[in-house]
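One structure below.
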Amino acid sequence: MVKTPSTTLELGSSAPDFNLPNTNPEHGGETVSLAQLGDSKALLVVFMCNHCPYVIHIIETLVDVVKTHQPLGLAMVAISVNDVNTHPDDAPDKMTATAAKYGFTFPYLYDESQQSARHYQAVCTPDLFLYDAGRKLVYHGQFDDSRPGSAVPVTGSDIKKAIDHALQGKPPLPSQAASVGCSIKWKPGQAP
């Protein structure tokens with residue numbers, strides 16, 4: 001596993017638009033756009049994939065955190081952009097199976113073009129972006145301090161604190177540690 005940290009982004013930047021195929025038929029339509037996610041108090045956009053050990057390490061807790069906060073006004077969308085030619089475990093049919101296995105209560109979108117990752121400046125999985133009600137970035141950082149193989153329990157403490165602040169309309173957290181994960185699997189010649 002090669003650790004790739006997320007980039008540092010300016011807080012307050014607007015959420016880039018997208019309109020992508022949804023692989024989770026239980027939640028959302030055939031395609032999902034930013035506008036379709038409604039006027040929630042906060043929006044969590046997570047770039048992830050099926051095979052990444054860092055994603056697998058947090059996935060059950062991530063689903064629980066989202067389920068707990070959705071009734072309070074959180075919207076969530078996951079996006080996979082990996083090249084399925086080199087990583088077939090991340091193909092759309094496998095994404096549907098992953099969504100069912102873990103009980104995703106949110107759309108799981110596939111971006112074959114990889115443009116959404118470029119627009120969001122996502123570089124790793126998981127890469128978490130939290131926006132307020134005005135779709136301004138208020139958090140871009142880690143899920144928590146736990147990593148695969150560490151003795152640190154997975155709690156989602158960092159993202160939960162950020163979500164709670166956003167739902168209450170509080171200012172962004174002053175300290176935001178970078179997320180760490182697998183690098184996005186870019187198509188040949190596409191890496192930024």
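Quick check on segment 89-97. Is at least one of its residues over 25 Å from residue 115 (Cβ atoms), touching a Ser or Thr at 6+ places or on another chain (Cβ under 9 Å), among the basic types (Lys, Arg) and in a helix (DSSP H, G or I)?
no
For residue 31, state whether it is in contact with a strand residue (DSSP E or B) (Cβ under 8 Å, 6 or more places away or on another chain) and surrounded by fewer than 21 Cβ atoms within 10 Å (Cβ to Cβ).
Judged against the criteria, residue 31 is a match.
Quick one: residue 22 ticks every box in (1) within 16 Å of residue 114 (Cα to Cα); (2) surrounded by fewer than 20 Cβ atoms within 10 Å (Cβ to Cβ); (3) touching a residue at least 40 places away in the same chain (Cβ under 8 Å); (4) of a type in the set (S, T, N, Q) bar one, so which box is it?
Residue 22 satisfies every listed condition except (2).
From (1) under 17 Å from the mean Cα position of the chain (by Cα); (2) within 18 Å of residue 55 (Cβ to Cβ), pick out the condition that doesn't hold for residue 118.
Of the numbered conditions (1) under 17 Å from the mean Cα position of the chain (by Cα); (2) within 18 Å of residue 55 (Cβ to Cβ), the odd one out for residue 118 is (2).
For residue 113, state whether it is without any contact (Cβ under 8 Å) to a residue 60 or more places away in the chain and either in a helix (DSSP H, G or I) or more than 15 Å from residue 43 (Cβ to Cβ) (or both). Steps first, answer last, please.
Values: without any contact (Cβ under 8 Å) to a residue 60 or more places away in the chain: yes; either in a helix (DSSP H, G or I) or more than 15 Å from residue 43 (Cβ to Cβ) (or both): yes.
Here the answer is yes, as residue 113 does meet what is asked.
Any chance segment 28-42 includes a residue that's within 23 Å of residue 90 (Cα to Cα) and without any contact (Cβ under 8 Å) to a residue 12 or more places away in the chain? Can you show your working first?
Step one: list which residues in segment 28-42 are within 23 Å of residue 90 (Cα to Cα), which gives 28-34.
Retained after the next criterion (residues that are without any contact (Cβ under 8 Å) to a residue 12 or more places away in the chain): 29-30.
Yes - at least one qualifying residue is present in segment 28-42.
I'd like to know if segment 36-47 contains one or more residues that are over 22 Å from residue 124 (Cβ atoms) and in a helix (DSSP H, G or I).
Yes, segment 36-47 contains a residue that is over 22 Å from residue 124 (Cβ atoms) and in a helix (DSSP H, G or I).
Kindly indicate the residue of segment 135-162 that is surrounded by 18 or more Cβ atoms within 10 Å (Cβ to Cβ) and hydroxyl-bearing (Ser, Thr, Tyr) and also farthest from residue 76 (Cα to Cα) among those meeting that condition.
Among residues in segment 135-162 that are surrounded by 18 or more Cβ atoms within 10 Å (Cβ to Cβ) and hydroxyl-bearing (Ser, Thr, Tyr), the one farthest from residue 76 (Cα to Cα) is 146.
Pairs, please: C-beta under 8 Å, at least 6 apart or cross-chain, first residue more than 20 Å from residue 39 (Cβ to Cβ) and among the charged types (D, E, K, R) and in segment 164-186, second outside any loop (DSSP other than H, G, I, E, B) and at pLDDT 95 or above?
Listed pairs, sorted by first residue: 185/90.
Examine segment 150-169 for a residue that is in contact with a strand residue (DSSP E or B) (Cβ under 6 Å, 6 or more places away or on another chain), more than 18 Å from residue 63 (Cα to Cα) and not acidic (Asp, Glu), and state whether such a residue exists.
yes
Determine which member of the set 138, 152 is among the β-branched types (Val, Ile, Thr) and over 16 Å from residue 69 (Cβ atoms).
Sole residue among the options that is among the β-branched types (Val, Ile, Thr) and over 16 Å from residue 69 (Cβ atoms): 152.
The values are calculated or read from the model by the stated rules, or taken from the named source; none is laboratory data. Computed from a predicted model, the values in this text were never measured in an experiment. Counting neighbours? That spans all protein chains shown, and the Cβs are built from the backbone with ideal geometry, glycine included.
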